[in-house]
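Novice: Quick one: the structure is below, and I'll ask about it shortly.
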Amino acid sequence: MRVTRINTFVALLVAAILIAGCSETVLVRSGPSGAVVYLDGKPIGTTPLDYSLPRSEVGEPHRVRVEKTGYAPVESDLRTRWAKGRVTGAVFTLGLLALIRPMRSVDPVFAELEPLHPAQEDQDRRVGEALRNLRELHRSGRISDDELRQRQEELLREGNH
C-alpha cells in the first residue's frame, strides 16, 4: 500500500513538472485593444493576449511589435527579471520549484498606440465614452438587452466611418 502511494506521488510530481514547467505566460496589452502582436516577426495573436512562451526561450532575446490600423506601430524588447518569489520557493523546496517553474519571469508588455490621425483619436474617445454610458444605462435598468445591443452596433458603425 505504501509503495502505491509513493508511486502515485512520483507520477503526480512528474505530471506537474511536465504541465507547469513547459512555458511562461507573456501578457501583452495595448491601448486601444485589438492590435496584432508579432513576436520576432511572426504574428501570435491580438490584444489583449496571454501568450505561452516556451520555457527554453525565456532567457533568449525577443522582439515584440504591436500594430493596429490607423495607429503608429510600437516595438520593444521582451524583458525578463529574476522572480524573487520563485527563487525563495526554490530554496525552501530544495530545488523542486526550479524544476517546475523558471527562475526568471517575463515582464508584461503594454503598448500605448498613438493614432496616425489625431481626429481618429477624438472619434475613438467619443465612441468609447458613449459605449460606457450605454453600459451604465443598461446596468441601471434604463435600457433593455436588445436596446443595448442595437445602440452599440449603431455607435460602432458610426465610429468606423
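The values are calculated or read from the model by the stated rules, or taken from the named source; none is laboratory data. Since the structure is predicted, the reported quantities are computational estimates derived from the model, not experimental observations. A quick note on method: Cβ atoms are made from the backbone with ideal geometry, for glycine too, and the neighbour counts reach across all protein chains shown.
Novice: If you take the residues in the range 1-36 that are in contact with a Pro (Cβ under 9 Å, 6 or more places away or on another chain) and more than 20 Å from Glu75 (Cβ to Cβ), which one is modelled with the highest pLDDT?
Specialist: Filtering the range 1-36 for residues that are in contact with a Pro (Cβ under 9 Å, 6 or more places away or on another chain) and more than 20 Å from Glu75 (Cβ to Cβ), the one modelled with the highest pLDDT comes out as Glu24.
Rundown of residues vs (1) at pLDDT 90 or above; (2) loosely packed, with under 14 Cβ neighbours inside 10 Å; (3) farther than 11 Å from Val106 by Cα, yes/no style:
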site	(1), (2), (3)
Tyr38	yes, no, yes
Lys42	yes, yes, yes
Ser56	no, yes, yes
Ala72	yes, yes, yes
Glu75	yes, yes, yes
Trp82	no, yes, no
